[in-house]
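**Q** Structure below; questions to follow.
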Amino acid sequence: MMNRIFILSCFVLLAACRKGVVIPRVESEMVRNFQHSAPPDGKVRGLYLLNEGNMNMNKASLDYLDLTTGRYDRRIFTAYNPEVTRGLGDVGNYIAIYGAKMYLVINNSNKVEVVDAHTVTRIRQINVNQCRYVDFYKDKAYITSNDGYVAVVDTATLEVEARIPTGRNPEQLIVAGNKLYVVNSGGYSPPNYEKTVSVINLDTQQEIRRIEAGINLHRMALDAYGDLYVTSRGDYYDVPSKIFVIDTHTDQLKQTLDIAASNLYIHNDLAYIYSVEWSYITGTNAISYTLLNVRDETVLDKSFITDGTEKQIKIPYGIAVDPETEDVFVTDAKDYVTPGTLHCYDKSGKRKWSVMTGDIPAHFAFLKTN
Amino acid sequence: MQRQANYVAHAGESRRNLWSGRRGAADTMAALPRNLWNGRPDAADTTAALPRDPSDGRPDAADTTVHPARDLKGITVEAKRMQLLIRTSHPVQILAGEDLQKRNSLSVADAVRFFSGVQLKDYGGIGGLKTINVRSMGTNHTAVFYDDLQLGNAQNGQVDLGRFSLDNIDSISLYSGQQNNIFQPARGFSAASALYITSRQPGDSAYGNARIRTGSFGLINPSVRWQQKISKRIYGNVSAEYLHAHGRYRFRYTNGAYDTTAIRNNADVKAWRVEGGLKGYLKDSSNWTFKVYGYQSERGLPGAIVANHFEYSQRLWDRDLFAQAGYNKQFTRRYSMQARAKYTHLFTRYHDPEYQNEKGFLDNRYTQQEVYLSIANRYQIKDWWEAVLSMDFIANKLDANIYRFSYPVRYTTLVALASRIYSERFEMQGSLLGTMVDEYVRFYTGAGSKRELTPSFSASWQPFAEHHFRIRAFYKNIFRMPTFNDLYYTFIGNTSLRPEYTNQYNAGFSYAKPFRGRLQYIALQADAYYNNVKDKIVAVPAANLFRWTMMNLDKVVIKGVDVSLRAGMQPVDGVDVTLGVNYTFQEAQDQTPGGYNYGHQIPYTPRHSGSFTANASWRNWDLNYSFIYTGERYSQKTNILINYIEPWYTSDMSLSKRFSRYGITVEVNNLLNQYYDVILNFPMPGRHFRITGNISF
C-alpha cells in the first residue's frame, strides 16, 4: 500500500513538471538605438533574416526587422504557420523574394517553403533534395540541388517542371540576361573539386558551356556591367580562397583576384566582401573585410567597418547593404550553437546598433513596397 | 552522435558535418554516480557480512558469480535484501544478480539508467547509440571495463552500452573516481569514473540456460549459455546470442497546431555475440583466466527527425573481437602479482547512400587495433598497509579509407603507484598515475608526446563501532586524451589539442540499519561533489558551417548531490518488498572565460533527475515497477526557450514467474506511452512490450 501511495504521488508530482506543448509565437523587441534615415520616397520596408540553425537541430528560423519602426521579430515562420509539421526545418540555406512570393530554401529539410512575402503565410512547399540556392527568370524559379541539377519550378503552380543537369554539388546560381550561371563545387569529393561555372541558356534550358574558374566555388554576385564575381573557398591547405571575375557578355574568365572571400554583396559600384578563411596548416581562421570597386576591380583602402568594432565579430556569416540608406548589415554566427547577432553599420562604417538573432544568422532579403 | 556522428565523413563542402554537429550534444551530456547495493548472493548477515576486502563494496570477480544452480533454486531471493553498508571511499553503485535481471533492461545501457549521477545519452530504439555520462564530465571520462579490462576505443573514446546484452552479465558497478581495490591494472586509475561490467564466470557445476526474448520492434533475441568443469582444475563457459529487430516504432511530435505521428525507419539491427571463458587453478594455487569475445552487427542509423526529412538510409556494420588472458599469483604472504594481456580488433563500416560525392555514396571503413599488457604487483607491508605498483602498456592503431588520413599509432605507458592503509573502521588510500603517450603518424602531422602525472586521494571512516554509518571523501585529478577523431579526423581533427582535465572533490556518507519487524532494513547514502572540467574539447566552427574543428576551449563547473535510499520490508508474511529511490541534483555551469553562455547550465544536463523502483516477491512471483525521471534540460548552450527540452519520465513494469526449470517474464515499458526525446530530434519509443522465457538444463 505504502509503495502504491508513493507511486501515485510520484505521478502527480512529476506530471506537473511537464509543461506540455507550446504553440510557437513571435518574440519581439524594439532594437535599442535603432535609427533609420530612409529617403522620403523609400520603398524598403523591412529586412528578413534567415537563420540557418545547426544541422540536425531543426532550428532554422526566420526573423524580420521592420525598418520603419525598429521592431525585431524572431521566429515568425513557425509563429505564422504553426501547422507546418516540425516548423521551418533544418538548415536555412537561402532566402529570396520574387514578385509577391518569398522563397525559403531549407537545405537539410529538402524543401523550399514559398510564403507570401508580406504576411509570411505559407503558400506551398516545394520538395527539392538537398536544395541550396534559388534565382528567377520570367515565370520560373531555378533551384540548385546538391544532387547535381537545377530544378525548374513554375512560379504560378509552384511545381517542379524539369531538371537541368549541372556539375557536382552546385551552389549559388544567378541569372544574367537570358543565361543562368551555376557554380559547381564538387565539395563532397575533395581533392577532386569541381572548377567550373555552368552556363545554361534559359530559353532552351540547356547547359551551353562550362567556364573554368577555380576549385570549390561557392557564392556569386553580378555587377551592373555584366561581370560575375565568383568566390572560391580554396582547399583550406595550399590553395587560398579567391575571387574569379567572369564576363557574362563573352562568357570568358576575365580576371582572378587574390582576395579571400566567403561571401560578397554588390551594391552600385562596390562589392562588400568578408572572408573567414580556415587553414588546416595553421589551425586558425583568417578574417578579413574588403571593399572592392567593381567598375575597375580595384581594392579600396578602407573597409565597410571603420570604427574597430569588427573585432567583436567572431564569425561574420552574412552580409547585405540597404539599397537606399547604404547601411551595411553583417551577422555574427559566433560558435554556431549560440544565438547570433545582427550588426548594422552606417555608410561611413560606424556601428549603429546590434540585435540578437537566431542560431547562425546568414541570409537576407529586403522587403520593398511596390 | 554519436554513432552516425562518428562515421559521417569528412563533411562535403556543402553539408554540415554530422559528426561535429552531434558532437556538441555528446560532449555536454551530464551525469553523476552512486547507489550502492551489493547483491552479493552469499551475504548472509546484513550487519556482519563484509566483503573479503573490507574496503571494497564490490565483490571481486569470483565473489560476484551467481552460481547458476543456486540461482535456479531461488536462493538469491534471500540474498537480495542483504544490504551491505558501503565501505568504499569512492562512491559505488552496483546492480548484480537477480536485482540486475529484474530491471526491465535489455542491455547494460537500460540498467545504468538506475544509477544516480548518470545521464544516459540515448538516440532511441534497439539499435540506437547509448553512452553514459557520469557527473556531467562528459562521455569520454567514463572508462568501461569488461571483466576487469578496459574496452578501448581510441577512435572516439566511447563505448556503446546498448550493445552489451544483460544475458551474460553478472554485475554492473559504477565507481566515481576509481575502483576501491588498488590491486588493479594502471588503467583502472586512469579515468574520472569507471563502469565495470562483469560477465558470468565459469563455475563448478555443469549448468546451461537458454532464453528467448521477443516483443515490440520485431525483436527476436535467443541466447544460450553453458558452463562446466572441464578438468580437475579448469572451468569453462560459453555464451551465444542473436538479436534481430526491425526496430520500427511509432513516435509523435506536436506543437498544438500540428500533431504528427510517424514510424521510425531505418532502425533495424541484426547482431551476433559469442563469448567463451576458461578459468583454471594451478597446483601452486595461482590462477589464470582466458576469454574471447566476438560481436558482429549490421544496423540502420535512424537520423534526426527534422521538418520534411524523416527517413534515412545510412548503415553501419561492426565487428568487434577481443581476447584476453590473466594470471594471478601470490608469491609470498606479502607479495602478489597479476598479469594481463588483451588484443582488440574493431572494424567499422559506415555507408551513406545519400552522400553526394563522385561515387554517389560514402563508404568509410575503420579498423582499430589495440594491444594491451599489464602487470600489477602488491606488497603487503603490514597487516593494515599495502602498496601496489602497476604498469600498463597500450598500443593503438587506427586505419581508415578516408581522404588525407594520418594513420595514427599511439603508444601509452601507464605507471601507477598506490598505497592504502585500512582497518575495520578506517581506510585511506592515495595513488599517483604517470601517463606517457607517444604518437606517430604515417602522413601529415602527429600530436607528438604527452607526459602527465595525476594524483588521487580518498578516505572513509566509520566513527561509531556500533552504528553502520560511514563517511567518505575523495579527490581525483585526471584527464582524458584527445581521441583519434579529435586529433586526426580529416577536416575536423586538430593535432595541437591538449588533454582534457577533470578535478573531482566528493564527500558523502553511507548508512544502513536493519530492523526486526515488518520493516527489515533501510540503507541510505548521499554524496555532494564539486567537479570541474577544464580545457574541454569542443567542436568549434572553422571556415563555415561545413567545417568544424576541435579545440580545448570550454570550462565546466559541476556542483551536485546524489542521494539514494533503499528499504526492504515484509508487509505481509510471505511478501517481500524492496523500494529504492535515487535523486540527483546537478548544477553544471558553463564557465568558459569570455564565453557566450557563461553561467548557463550545459546542454542535456537536468538539474533534477532520479528514479524510483519497487519490487514485490511472493512465492515464485515477482512484480517490478520502475520509474525514471529526467528534468528539464536545454539542447544547446544558451538557456533560452527555443532550446528548452521538456522533462520526461517513464514507467516500466514487469511480472515474472519461476517454475522449477522454467521462467517467464512479461514486461511493459514506457507504460504511459510518453513521447519524448533524450537527444533533440531523436525520438524514443512509446509503450512497448517484451516477453522472455528461459529454461535451465
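The values are calculated or read from the model by the stated rules, or taken from the named source; none is laboratory data. Here the structure is a predicted model, which is why all the values come from computation and not from measurement. A quick note on method: Cβ atoms are made from the backbone with ideal geometry, for glycine too, and the neighbour counts reach across all protein chains shown. All accessible areas refer to the heavy atoms of the entire protein, side chains included, with ligands and DNA or RNA removed. Shrake-Rupley method; radii C 1.70, N 1.55, O 1.52, S 1.80 Å.
**Q** Out of B:Leu195, B:Leu243, I need the residue that is within 30 Å of B:Ser313 (Cβ to Cβ) and not in a loop (DSSP other than H, G, I, E, B). Which one?
**A** It is B:Leu243.
**Q** While we're looking at this one, here's another question. Return yes when B:Arg333 is assigned to a strand (DSSP E or B) and either out of contact with any strand residue (DSSP E or B) (no Cβ under 8 Å at 6 or more places or on another chain) or of a type in the set (D, E, K, R) (or both) and no when it is not. Outline the logic, then answer.
**A** Working: assigned to a strand (DSSP E or B): no; either out of contact with any strand residue (DSSP E or B) (no Cβ under 8 Å at 6 or more places or on another chain) or of a type in the set (D, E, K, R) (or both): yes.
The answer is no for B:Arg333.
**Q** Kindly provide the set of residues from the stretch A:76-134 that are within 14 Å of chain B (Cβ to nearest Cβ), in contact with a Gly (Cβ under 9 Å, 6 or more places away or on another chain) and assigned to a loop (DSSP other than H, G, I, E, B), ordered by number.
**A** Residues satisfying the conditions are A:Asn81, A:Pro82, A:Leu88, A:Gly89, A:Asp90, A:Val91, A:Asn110.
**Q** Need the failing condition index for B:Asn266 against (1) closer than 18 Å to B:Gly128 by Cα; (2) part of a loop (DSSP other than H, G, I, E, B); (3) within 14 Å of chain A (Cβ to nearest Cβ), just the number.
**A** Of (1) closer than 18 Å to B:Gly128 by Cα; (2) part of a loop (DSSP other than H, G, I, E, B); (3) within 14 Å of chain A (Cβ to nearest Cβ), only one is false for B:Asn266: (3).
**Q** Select from the stretch A:186-233 the residues that are part of a strand (DSSP E or B), farther than 19 Å from A:Ala260 by Cβ and either open to solvent by 10 Å² or more (accessible area, probe 1.4 Å) or out of contact with any Lys or Arg (no Cβ under 9 Å at 6 or more places or on another chain) (or both) and list them in ascending order.
**A** Those that are part of a strand (DSSP E or B), farther than 19 Å from A:Ala260 by Cβ and either open to solvent by 10 Å² or more (accessible area, probe 1.4 Å) or out of contact with any Lys or Arg (no Cβ under 9 Å at 6 or more places or on another chain) (or both): A:Thr196, A:Asn201, A:Gln206, A:Glu207, A:Ile208, A:Arg209, A:Arg210, A:Ile211, A:Glu212, A:Leu222.
**Q** On to the next question. Suppose we filter A:Gly42, A:Gly53 for residues that are within 14 Å of chain B (Cβ to nearest Cβ), open to solvent by less than 50 Å² (accessible area, probe 1.4 Å) and in a loop (DSSP other than H, G, I, E, B); which single one remains?
**A** Being within 14 Å of chain B (Cβ to nearest Cβ), open to solvent by less than 50 Å² (accessible area, probe 1.4 Å) and in a loop (DSSP other than H, G, I, E, B) holds for just one of A:Gly42, A:Gly53, which is A:Gly53.
**Q** So if I check each of A:Val160, A:Val152, A:Val120, A:Val114, which one is within 17 Å of the chain's Cα centre (by Cα) and β-branched (Val, Ile, Thr)?
**A** A:Val114
**Q** Which residue, of A:Arg4, A:Arg18, is open to solvent by 90 Å² or more (accessible area, probe 1.4 Å) and either among the charged types (D, E, K, R) or at pLDDT 90 or above (or both)?
**A** The unique qualifying residue is A:Arg4.
**Q** What are the pairs with Cβ atoms under 8 angstrom where one residue, in the stretch B:108-134, is within 19 Å of B:Tyr242 (Cα to Cα) and the other, located anywhere, is among the small types (Gly, Ala, Ser) and assigned to a loop (DSSP other than H, G, I, E, B)? Sequence gap at least six, or different chains.
**A** Listed pairs, sorted by first residue: B:Gly125/B:Gly247; B:Gly125/B:Ala267; B:Ile126/B:Gly247; B:Ile126/B:Ala267; B:Gly127/B:Gly247; B:Gly127/B:Ala267; B:Gly128/B:Ala267.
**Q** Okay, moving on. Where residues in the stretch B:451-478 are farther than 20 Å from B:Tyr501 by Cα and of a type in the set (Phe, Trp, Tyr), which of them is farthest from the chain's Cα centre (by Cα)?
**A** Filtering the stretch B:451-478 for residues that are farther than 20 Å from B:Tyr501 by Cα and of a type in the set (Phe, Trp, Tyr), the one farthest from the chain's Cα centre (by Cα) comes out as B:Phe464.
**Q** Still on this structure, please answer the following. Would you confirm, using the coordinates I've provided, whether A:Ile174 is more than 14 Å from chain B (Cβ to nearest Cβ), part of a strand (DSSP E or B) and under 22 Å from the mean Cα position of the chain (by Cα)?
**A** yes
**Q** Would you check if B:Glu646 is facing another protein chain (nearest Cβ under 9 Å) and either open to solvent by less than 10 Å² (accessible area, probe 1.4 Å) or not β-branched (Val, Ile, Thr) (or both)?
**A** Yes.
**Q** It is to be established whether one or more residues within the stretch B:159-169 are in a strand (DSSP E or B), in contact (Cβ under 8 Å) with a residue 60 or more places away in the chain, charged (D, E, K, R) and open to solvent by less than 20 Å² (accessible area, probe 1.4 Å).
**A** no
**Q** Being within 20 Å of B:Gly128 (Cα to Cα) and assigned to a loop (DSSP other than H, G, I, E, B) is the requirement here; does B:Tyr649 meet it?
**A** no
**Q** Another one. Looking at this structure, is A:Ala260 at pLDDT 95 or above, part of a loop (DSSP other than H, G, I, E, B) and either touching an Asp or Glu at 6+ places or on another chain (Cβ under 9 Å) or among the aliphatic types (A, V, I, L, M) (or both)? Write out each step before concluding.
**A** On the way: at pLDDT 95 or above: yes; part of a loop (DSSP other than H, G, I, E, B): yes; either touching an Asp or Glu at 6+ places or on another chain (Cβ under 9 Å) or among the aliphatic types (A, V, I, L, M) (or both): yes.
Taking the combined requirement at face value, the residue satisfies it.
**Q** Then there's this: Suppose we filter B:Asn328, B:Asn364, B:Asn377 for residues that are open to solvent by less than 20 Å² (accessible area, probe 1.4 Å) and either in a strand (DSSP E or B) or among the basic types (Lys, Arg) (or both); which single one remains?
**A** Details: B:Asn328 fails: open to solvent by less than 20 Å² (accessible area, probe 1.4 Å); B:Asn377 fails: open to solvent by less than 20 Å² (accessible area, probe 1.4 Å).
On inspection, the qualifying residue turns out to be B:Asn364.
**Q** Right, another one. Within the stretch A:319-370, count every residue that is of a type in the set (D, E, K, R), assigned to a strand (DSSP E or B) and within 14 Å of another protein chain (Cβ to nearest Cβ).
**A** Total meeting the criteria: 2.
**Q** For A:Val294, indicate whether it is open to solvent by less than 10 Å² (accessible area, probe 1.4 Å), in contact with a His (Cβ under 9 Å, 6 or more places away or on another chain) and at pLDDT 95 or above.
**A** It is false that A:Val294 is open to solvent by less than 10 Å² (accessible area, probe 1.4 Å), in contact with a His (Cβ under 9 Å, 6 or more places away or on another chain) and at pLDDT 95 or above.
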